[in-house]
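Below: one structure, written as structure tokens.
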Amino acid sequence: MPLHPMFLEPEIHSTIFLCINLIGSIIVRLLLHAWPLTIFWSCFYIILVGLINHSLAAGRYYLPTRNLRDQIVIVTGAATGIGRVCALRFAKLGTCVIIGVRGQERAERVAKELSDESHGGTVIGYDLDLSSLTNVKNFAEKIERVDILLNNASTVPTTYSVTADGIEKQFGTNYIGHFYLTQLLLSRLTNGRIINVSSLAHHMVPSTGIDYTFSKLRDKYSASAAYASSKLAQIYHASELTRRYGVKAYSLHPGTIMSTNINHNRSLIKRILFQLLSVIGKTVEQGSMTCIFCALSNDAVPGHFHSDCQVRKPSQLALDKHRAAECWNESEKLINEKLK
Ligand SMILES: NC(=O)c1ccc[n+]([C@@H]2O[C@H](COP(=O)([O-])OP(=O)(O)OC[C@H]3O[C@@H](n4cnc5c(N)ncnc54)[C@H](OP(=O)(O)O)[C@@H]3O)[C@@H](O)[C@H]2O)c1
């Protein structure tokens with residue numbers, strides 16, 4: 001039987017490794033009725049397990065060095081987390097980076113910080129709120145040309161809420177906002193790449209697929225279910241872009257990174273739990289690798305899902321071309337309705 005694709009992920013390898021060591025230690029302790037190692041060797045063992053775990057969790061690296069001076073890159077949600085690290089890496093590679101951040105003043109401040117950190121890289125900050133179609137249009141109007149569009153921003157509200165246009169907040173921001181931005185920029189993207197930062201969480205969407213009425217979420221909200229649907233839609237979006245227009249579009253899972261702001265809306269207990277889980281996850285720098293890989297590497301495959309700097313099989317549902325086409329049609333319908 002083929003292994004579930006989740007078992008190929010670095011975070012699963014580090015979890016299994018830690019569990020084996022923990023269970024092994026408990027069994028040894030129970031069998032011998034005493035811990036067999038001295039304090040010195042216990043410390044040595046803990047450090048060794050920590051180091052091996054750290055390298056298992058890190059996954060693969062992709063570190064391009066070529067100069068990309070003529071390229072224009074757009075990164076959404078670049079004020080924090082993976083988006084910030086990606087924007088910095090693009091700036092260091094010599095590209096002109098346009099960052100989309102909520103609030104013009106904040107966007108300019110972050111752009112200045114990134115420019116300083118990259119030792120004089122060109123970083124321009126524009127206000128972008130993906131939860132408003134009007135705001136997305138205003139942002140797109142400022143762009144003359146783009147070579148790489150990194151659709152990275154995401155929100156995970158803990159209660160049911162809607163965007164300025166009345167769409168369920170996660171679907172509307174994480175997916176529809178990026179879908180609309182991509183549509184507006186498509187004619188200004190000649191031979192470029194579009195990268196959708198999705199997640200392994202898309203596996204959580206039930207076989208019935210995405211509920212475009214959002215009635216279940218309205219009745220009984222689950223932040224994880226809403227997040228999963230928005231991330232599945234991003235995979236459909238990338239595959240459909242390649243099928244429909246022959247565009248180089250990619251979707252990806254960046255890894256499990258507990259040190260970003262993605263969970264900052266959750267309760268204190270959950271936030272502490274997530275911090276503890278960071279031992280099995282990647283650093284933000286490691287989490288940016290697959291984004292940069294999809295943006296620049298010739299080994300990235302258009303229309304496909306990637307993780308750990310390689311192509312990965314997404315869920316069966318994500319591979320369904322009819323569902324992908326349905327998602328595209330529903331998105332166009334929704335946007336047209338809202339723009340009326
Ligand atoms: N961290 C993980 O373990 C993980 C795992 C799988 C996938 N991902 C994906 O990786 C991407 C980056 O996440 P992250 O972990 O770096 O989290 P993050 O630090 O929270 O970054 C998300 C960014 O999106 C921005 N954003 C939120 N709502 C927005 C809106 N309405 N308009 C424009 N920007 C908005 C946030 O800006 P504000 O500061 O203004 O809120 C923030 O800068 C996301 O797509 C996420 O789904 C992350």
Item to check | HIS202 within 12 Å of the ligand (Cβ to nearest atom), at pLDDT 95 or above and not aromatic (Phe, Trp, Tyr) | outcome: yes
Checklist entry - What number of residues within segment 249-304 satisfy the criterion of being modelled with pLDDT of 95 or more and assigned to a helix (DSSP H, G or I)? => result 13
Checklist entry - Only one residue in ILE143, ILE98 is touching a residue at least 12 places away in the same chain (Cβ under 8 Å) and either buried (at least 20 other Cβ atoms within 10 Å of the Cβ) or near the ligand (Cβ under 10 Å from one of its atoms) (or both). Which one? => result ILE98
Checklist entry - Got a sec? Which of SER14, SER55, SER42 is open to solvent by less than 80 Å² (accessible area, probe 1.4 Å), polar (S, T, N, Q) and in contact (Cβ under 8 Å) with a residue 40 or more places away in the chain? => result SER14
Checklist entry - How about segment 80-95: which of its residues are within 15 Å of SER118 (Cα to Cα) and either away from the ligand (no atom under 12 Å from the Cβ) or assigned to a loop (DSSP other than H, G, I, E, B) (or both)? => result LEU88, ARG89, PHE90, ALA91, LYS92, LEU93, GLY94, THR95
Item to check | Selection within segment 46-68 - of a type in the set (A, V, I, L, M), under 30 Å from PRO36 (Cβ atoms) and within 23 Å of the chain's Cα centre (by Cα) | outcome: LEU56, ALA57
Next on the checklist: As an exercise: evaluate ALA228 against (1) at pLDDT 95 or above; (2) within 15 Å of the ligand (Cβ to nearest atom); (3) open to solvent by 10 Å² or more (accessible area, probe 1.4 Å) and give the number of the one condition it does not meet.
Outcome noted: (3)
Item to check | Residue that is in contact with a strand residue (DSSP E or B) (Cβ under 8 Å, 6 or more places away or on another chain) and not basic (Lys, Arg), where the choices are TYR250, TYR227, TYR245, TYR221 | outcome: TYR250
Checklist entry - If you scan segment 157-195, which residues turn out to be closer than 22 Å to LEU252 by Cα, among the hydrophobic types (A, V, I, L, M, F, W, C) and open to solvent by less than 10 Å² (accessible area, probe 1.4 Å)? => result PHE171, ILE176, PHE179, LEU181, LEU185, ILE194, ILE195
Checklist outcome for this item: Scanning segment 146-169 residue by residue, those within 18 Å of ILE74 (Cα to Cα) and within 12 Å of the ligand (Cβ to nearest atom) turn out to be LEU150, ASN151, ASN152, ALA153, SER154
Next on the checklist: Looking at LEU128 and the list (1) farther than 26 Å from ASP320 by Cβ; (2) surrounded by fewer than 17 Cβ atoms within 10 Å (Cβ to Cβ); (3) in contact with a Ser or Thr (Cβ under 8 Å, 6 or more places away or on another chain), which single condition is not satisfied?
Outcome noted: (2)
Next on the checklist: With modelled with pLDDT under 95 and open to solvent by less than 80 Å² (accessible area, probe 1.4 Å) as the only criterion, which of ALA107, ALA78, ALA87, ALA34 stands out?
Outcome noted: ALA34
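The values are calculated or read from the model by the stated rules, or taken from the named source; none is laboratory data. Predicted, not measured: the structure shown is a model, and the values here were computed from it. Here Cβ is always computed from backbone atoms with ideal geometry, including for glycine, and neighbour counts include all displayed protein chains. Note: areas computed on protein heavy atoms with side chains; ligands, DNA, RNA excluded. Shrake-Rupley method; radii C 1.70, N 1.55, O 1.52, S 1.80 Å.
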